[in-house]
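Here it is: the structure, laid out below.
The values are calculated or read from the model by the stated rules, or taken from the named source; none is laboratory data. Predicted model only: the values in this text are computed from it and were never measured. Methodologically, a virtual Cβ is constructed for each residue, glycine included, from the backbone with ideal geometry; neighbour enumeration extends over all protein chains shown. Heads up: the accessible areas ignore ligands, DNA and RNA and are worked out on the full protein's heavy atoms, side chains in. Shrake-Rupley method; radii C 1.70, N 1.55, O 1.52, S 1.80 Å.
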Amino acid sequence: MSDVRYPFTAIVGMADLRLGLLLNAVSPAVGGVLVRGEKGTAKSTMVRALAGLLPSIAAVDDCRFACDPAAPDPHCPDGPHDAPGSHERPSQLVELPVGVAEDRIVGSLDLERALAEGVKAYEPGLLAKAHRGVLYIDEVNLLQDHVVDLLLDAAAMGRSYVEREGVSVRHAARFLLVGTMNPEEGELRPQLLDRFGLTVEIAATRDPAERAEVVRRRLGYDADPAGFAARFAEEERELAERITTARELLPKVELADVALRQITAVCAAFEVDGLRADIVMARTAVALAAWDGRTEVLEEDVRTAARLALPHRRRRNPFDAPGLDEEQLDRTLEEHAQEEDPEPEGDGPGDGGDDPEGGPDGGSDGGDGPDGGGPDGGGAPEPSDGGAPEPAATPGDDLPAQPPVPAQHPSPARESSPVAAGDPYRTKLFTVRGTGRGAQGRRSPAETNGGHTIRARRPQGALGRLHLTATLQAAAPHQAARGRSGRALVLKKDDFREQVRQGRESNLVLFLVDASGSMAARQRMTAVKGAVLSLLMDAYQRRDKIGMITFRGAGAELALPPTSSVEVGAARLETLPTGGRTPLAAGLLRAHEVLRVERLRDPDRRPLLVVVTDGRATGGRDALTQSHRAAALFAAQGTASVVLDCESGPVRLGLARTLAGQLGGTAVSLDELRAEGVASLVRENRPTTVRDHRATTLRKAA
């Protein structure tokens, strides 16, 4: 791979992404950019190219934390810096690997030396390296939640803290944060989305001419990187100078009251939570004015800032696609383009449907509480059509295909058109028995990096979190034999103990859905799909992987290979047809094969099988007996399972509960699936005075 970066100005199209990155280069206080898009759209190329445009920085000599000689960090571990020497160096681009550990991010302390020798031997992490540069997180949605929390907290506070067993280190960590993700592979939690200042949706152009130009330039770069970069050197220099000029102009830009009122009115009209959106929009609008060489924020700046800062903050449901109603945005801007009315009560209801009986936002910090919008966060929105929320447009069409299984092509006979799912609701929590070691999540008990300490053990490899009490207990009996003198303990490597912590893990939730004719009654299937949609929402909030198998007609079909994208599961559920016989045994055998393959791929991720059926089995001799034999395979392996009993009517055979017994699992009816308190699906309207509340709060914050 060449050391010559692909020029930023050589990238074709993607105007919004280009603008979002440049605005953050002008004003890092905007809060970074989250880039959402399909694979192969040059997300990473553009981010890496940006670093070459940033101005060089002055850094203190021999400081590992890139302190500014004009204002050194008073808490710098390499300080104090009195009359320091300095040198110029390029801004750093630091890339964060997907599997990065917490210690690699914040740095690590040599705890053995800290205890035995009393010295703070601190090795800086990636946050220190990224200070005053760019921190790039590719596939940010695949990072563990506690790692993303740590990164976003550092970005918000501009400082990194390391607190380990009484040893404290802190240092400045201010950087331009850029994350990229492919939504097909899973979403970020709403409060984590909110911590990114701007978001940009990108997709490959469908214009053949533009695609040809992209290919032409890429081939030219691959053939001669240095020569290709030289062709764009002058454009790169001009763009870098424009960034520097905009940075110098930024403090002189004025945010007039009219523009500020438009910003707060737009945020209120679109019912975004908290006030972070208002602040980000204000900073973005100011940066836009500076980028255009102006000292006054115009309405067009507010409109552009809304398009970049609001779409990802409007998601009320895990299956909602980010977006913004342009007509509503224009109406709100037009209504508040004049000087403020001295009597706020005179404002009409045209600001987005505010209701004087509601309450204001509650002064939220913008999503730092429970997962906003989902059932665990105290309410989801009411779908506009009375059914399930519409998922994003058919993501995941190119998920890896599974090998064909004989006689598994659904029969088209008596096939019914897809039925819309019922309203989602909060479900009971189903867990896997025992203690696992899978990826951190929020479903089943597991040994994790977080959680509470349950015991101590000898270190397995490098010492992790020190268990101080257990370490002292191990060393105490040997002090006399080791010739201890004075107050200091004599410690040896074998004395150290580390903590074993118990938290929760994410699981693989595999749905096995009966789509046969016995389930095809429209009212009944609406309720069944609503139940599955609710379980999908629960899986999203608990950070699970999900898969879906359907069976009907002549066999079973893997409708969704295991993936982290719950949105894809919701999309496949919406289009699920029904009809034909009930090949329950084929469905169970297909599920058994899928789980076998997944155990080889990820042995630490424990599965939870969710069977959605009325328990009937047809389609061959001894169909029910064959189904029970297939179910016994799961019981023999100890696979956790839940059977969602969909049987209805005055006469019930109890076949689903019998199946649950054969699986060694639990059976619940549709009515029993609901948690004690059904989450409200109707959001309260905002009062008309919320705009004034936002404006007042924002002025005080400024």
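Please list, ordered by first then second residue, the pairs with beta carbon atoms under 7 Å, 6 or more apart or interchain, first in region 202-216 and part of a helix (DSSP H, G or I), second surrounded by 13 or more Cβ atoms within 10 Å (Cβ to Cβ).
210/12; 210/13; 211/205; 213/12; 214/12
I want to confirm something. Restricting to region 639-657 and keeping residues that are under 39 Å from the mean Cα position of the chain (by Cα) and open to solvent by 40 Å² or more (accessible area, probe 1.4 Å), which single residue is farthest from residue 584 (Cα to Cα)? First the steps, then the outcome.
Restricting attention to region 639-657, the residues satisfying the condition of being under 39 Å from the mean Cα position of the chain (by Cα) are 639-648, 656-657.
The next check asks that each one be open to solvent by 40 Å² or more (accessible area, probe 1.4 Å); those that pass are 648, 657.
Values: 648: 18, 657: 14 Å.
Step by step, filter region 639-657, then rank; the result is 648.
A further question follows. If you check residue 498 against the conditions, is it surrounded by fewer than 23 Cβ atoms within 10 Å (Cβ to Cβ), of a type in the set (Asp, Glu) and touching a residue at least 12 places away in the same chain (Cβ under 8 Å)?
Yes, satisfied.
Now a separate question. Condition first: part of a strand (DSSP E or B), open to solvent by 40 Å² or more (accessible area, probe 1.4 Å), of a type outside the set (Gly, Ala, Ser) and at pLDDT below 85. Can you find one or more residues in region 120-129 that meet it?
yes
Residue-wise test of (1) touching a strand residue (DSSP E or B) at 6+ places or on another chain (Cβ under 6 Å); (2) at pLDDT 90 or above.
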{"site": "15", "(1), (2)": "no, no"}
{"site": "26", "(1), (2)": "no, yes"}
{"site": "34", "(1), (2)": "yes, yes"}
{"site": "37", "(1), (2)": "yes, no"}
{"site": "52", "(1), (2)": "no, no"}
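Checking residue 608 against (1) in contact with a helix residue (DSSP H, G or I) (Cβ under 8 Å, 6 or more places away or on another chain); (2) under 28 Å from residue 445 (Cα atoms); (3) crowded, with 17+ Cβ neighbours inside 10 Å; (4) of a type outside the set (S, T, N, Q): exactly one of these is not met. Which one?
(1)
Does residue 526 qualify as being open to solvent by 10 Å² or more (accessible area, probe 1.4 Å), modelled with pLDDT under 85, part of a helix (DSSP H, G or I) and among the β-branched types (Val, Ile, Thr)?
Yes.
Go through 200, 162 for me and flag whichever is touching a strand residue (DSSP E or B) at 6+ places or on another chain (Cβ under 6 Å) and at pLDDT below 80.
Numbers: 200 fails: at pLDDT below 80.
That would be 162, the only listed residue that is touching a strand residue (DSSP E or B) at 6+ places or on another chain (Cβ under 6 Å) and at pLDDT below 80.
Filter region 537-549 for residues that are in a strand (DSSP E or B) and open to solvent by less than 10 Å² (accessible area, probe 1.4 Å) and give the result.
Just the residues of region 537-549 that are in a strand (DSSP E or B), to begin with: 545-549.
Correct list: 546, 547, 548, 549.
Which one is farthest from residue 433 (Cα to Cα) among residues in region 611-638 that are of a type in the set (Val, Ile, Thr) and open to solvent by 10 Å² or more (accessible area, probe 1.4 Å)?
If we take residues in region 611-638 being of a type in the set (Val, Ile, Thr) and open to solvent by 10 Å² or more (accessible area, probe 1.4 Å), then 618 is farthest from residue 433 (Cα to Cα).
List pairs: first in region 69-80 and under 9 Å from residue 171 (Cβ atoms), second among the charged types (D, E, K, R) and open to solvent by 40 Å² or more (accessible area, probe 1.4 Å), Cβ under 6 Å, 6+ apart or cross-chain?
75/170; 78/64
Exactly one condition in (1) open to solvent by 60 Å² or more (accessible area, probe 1.4 Å); (2) touching a strand residue (DSSP E or B) at 6+ places or on another chain (Cβ under 8 Å); (3) within 19 Å of residue 35 (Cβ to Cβ) is not met by residue 214; state its number.
The single condition residue 214 does not satisfy is (2).
Can you tell me which condition residue 453 does not meet? The list is (1) at pLDDT 85 or above; (2) part of a strand (DSSP E or B); (3) surrounded by fewer than 19 Cβ atoms within 10 Å (Cβ to Cβ), and all the others hold.
Going through (1) at pLDDT 85 or above; (2) part of a strand (DSSP E or B); (3) surrounded by fewer than 19 Cβ atoms within 10 Å (Cβ to Cβ) one by one, residue 453 breaks only (1).
Suppose we filter region 463-481 for residues that are out of contact with any helix residue (DSSP H, G or I) (no Cβ under 7 Å at 6 or more places or on another chain) and either open to solvent by 40 Å² or more (accessible area, probe 1.4 Å) or at pLDDT 85 or above (or both); how many remain? Write out each step before concluding.
Step one: list which residues in region 463-481 are out of contact with any helix residue (DSSP H, G or I) (no Cβ under 7 Å at 6 or more places or on another chain), which gives 464-465, 467-470, 472-473, 476-481.
Checking the rest, the ones that are also either open to solvent by 40 Å² or more (accessible area, probe 1.4 Å) or at pLDDT 85 or above (or both) come to 465, 467-470, 472-473, 476-481.
Residues in region 463-481 being out of contact with any helix residue (DSSP H, G or I) (no Cβ under 7 Å at 6 or more places or on another chain) and either open to solvent by 40 Å² or more (accessible area, probe 1.4 Å) or at pLDDT 85 or above (or both): 13 in total.
Which of the residues spanning region 454-495 are within 19 Å of residue 108 (Cβ to Cβ), in contact with a Lys or Arg (Cβ under 8 Å, 6 or more places away or on another chain) and touching a residue at least 40 places away in the same chain (Cβ under 8 Å)?
Matches in region 454-495: 465, 466, 471.
While we're here: Please go through region 564-593 and give me each residue that is open to solvent by 10 Å² or more (accessible area, probe 1.4 Å), under 31 Å from the mean Cα position of the chain (by Cα) and modelled with pLDDT of 85 or more, ordered by number.
Passing the criteria: 590, 592, 593.
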